[in-house]
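We did not get these values from a lab; they are worked out from the coordinates using the rules stated. Quick caveat, the model's predicted, so the values are computed rather than measured. Here Cβ is always computed from backbone atoms with ideal geometry, including for glycine, and neighbour counts include all displayed protein chains.
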Amino acid sequence: MKKILIGVFVIVLSVFIGGFGGYLFFGKETGKLEKPLPKTELSEGLRGKYGIDKNINEKTIDQYLNRTDTVYRDVRMLVDTATWENKGGDRYLSGYVEGFEVVPSVYLTGFTDAYIEQKRVENVSGLYVGETLFTLNEDGKTYHANYEESYDILETIFPKDKNIFIMCGAGGYAGQIKDLLVALGWDATKIYNVGGYWYYEGNHSIQVKEIKNGEDVYNFSKVPYYNIDFDSLHEVHS
């Protein structure tokens, strides 16, 4: 009986040691050893008004790349319709941070009146006015779907069981998409507006802009991109 008990003990111990060893050596690959993220916290001043996070942003994002519990989304257009160059920005997606996938915020929802006015004051014109998955209601807080597939598309791009890092050019588009997600039921504590690529200071930039024969050329084939084909969707009729 003692021999049987000892044998069982050895087996259990072996399994425990093997499992613990796997945790130590392979846990990082499976996400088990990933350190908890800092809690979402707004920056001070204008950056806070944009909704940019104080702890995870353009200066620190390199510390939080390649996490298995997180998805990374850049919400700029490949070529924006707005005149961002009037405020020192770039209407072209000239580069992005490694690991981020691009889905234009303007295809997800439109702009608030306050944002449109702010851009007018900043001499930015030509904001996108085309089709969107969702429309902001008159109360300025809730949204309604424009297509039967809108929610499914949004959940595919922004899975609710993951942390979500959102970046754009300066932080404004990213803030609007966080507002959209939270209003539609996503957990605000898992969504980080990490600011704007124009101010990125890290070492993981993928350059899309190239110079050939003295001219700027944009190699958009480098960009992991979510294409929303509105023609294939079914409109919601009220």
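Does region 32-104 classify as rounded, prolate or oblate by the C-alpha gyration tensor (a ≥ b ≥ c root eigenvalues; a/c under 1.5 gives rounded; else a/b over b/c gives prolate, otherwise oblate)?
Values: a/c = 2.77, a/b = 1.44, b/c = 1.92.
Judged from the Cα gyration tensor, region 32-104 comes out oblate (a/c at least 1.5, b/c at or above a/b).
Using r as the Cβ-Cβ distance of K35 and K59, and R0 as 25 Å, what FRET efficiency do you calculate, to the nearest 0.05?
Working: r = 18 Å, r/R0 = 0.73.
Plugging the Cβ-Cβ distance into 1/(1 + (r/R0)^6) gives 0.85.
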So what are the ³J(HN,Hα) numbers for region 142-159, from phi and the Karplus equation (6.51, -1.76, 1.60; θ = phi - 60°), rounded to whole Hz, Gly and Pro as x?
-> 10, 10, 10, 6, 8, 9, 4, 8, 4, 5, 4, 4, 5, 5, 5, 7, 10, x
The answer for F111, listing residues at least 5 apart or on another chain whose modeled amide H is closer than 5 Å to its amide H, is none
Sorted by chain and then number, the residues having a modelled amide H within less than 5 Å of the amide H of Y147, at least 5 places away or on another chain, are V236
Compute the signed sum of charges (Lys and Arg +1, Asp and Glu -1) over the other residues within less than 10 Å, Cβ to Cβ, of V106.
-> -1
With each label point set 7 Å from Cα along the Cα-Cβ vector, what nm distance links L42 and K87?
-> 1.7 nm
Per DSSP H run of at least 4 residues, take -39500 (n - 2.57); add these up for the chain, divide by its residues and hand me the 222 nm value, nearest 500 deg cm²/dmol.
-> -8500 deg cm²/dmol
Taking θ as phi - 60°, what are the ³J(HN,Hα) couplings along region 166-171 by the Karplus curve (6.51, -1.76, 1.60), each to the nearest whole Hz, with x for Gly and Pro?
-> 10, 10, 9, x, 10, x
Using the 2.2 N^0.38 Å rule of thumb for compact globular proteins, work out how region 120-196 stacks up: its C-alpha Rg over that value, please.
-> 1.16
Quick one: check the C-alpha center-to-center distance for region 132-203 versus region 80-100, whole angstrom.
-> 18 Å
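Taking neighbour counts of Cβ atoms within 10 Å as a proxy for exposure, in what order, fewest first, do I153, I166, I206, I61 appear? Don't skip to the answer; put the middle values down first.
Details: I153 18, I166 28, I206 14, I61 24.
Lowest to highest Cβ neighbour count: I206, I153, I61, I166.
For V182 and Y151, what does the FRET efficiency come to when R0 = 22 Å and r is the distance between their Cβ atoms, rounded to the nearest 0.05?
Once the sixth-power term is evaluated, E becomes 0.90.
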Residue-wise, which Karplus ³J(HN,Hα) couplings in Hz belong to region 67-80, taking 6.51 cos²θ - 1.76 cosθ + 1.60, θ = phi - 60°, and x for glycine or proline?
-> 8, 7, 9, 9, 10, 10, 10, 9, 9, 8, 7, 4, 9, 6
Amide H contacts under 5 Å for E101, restricted to residues at least 5 apart in sequence or on another chain and with H modeled in the peptide plane, are Y72, R73, D74
Using alpha carbons only, what's the Rg to Rh ratio of region 45-232 with Rh from Kirkwood?
-> 0.94
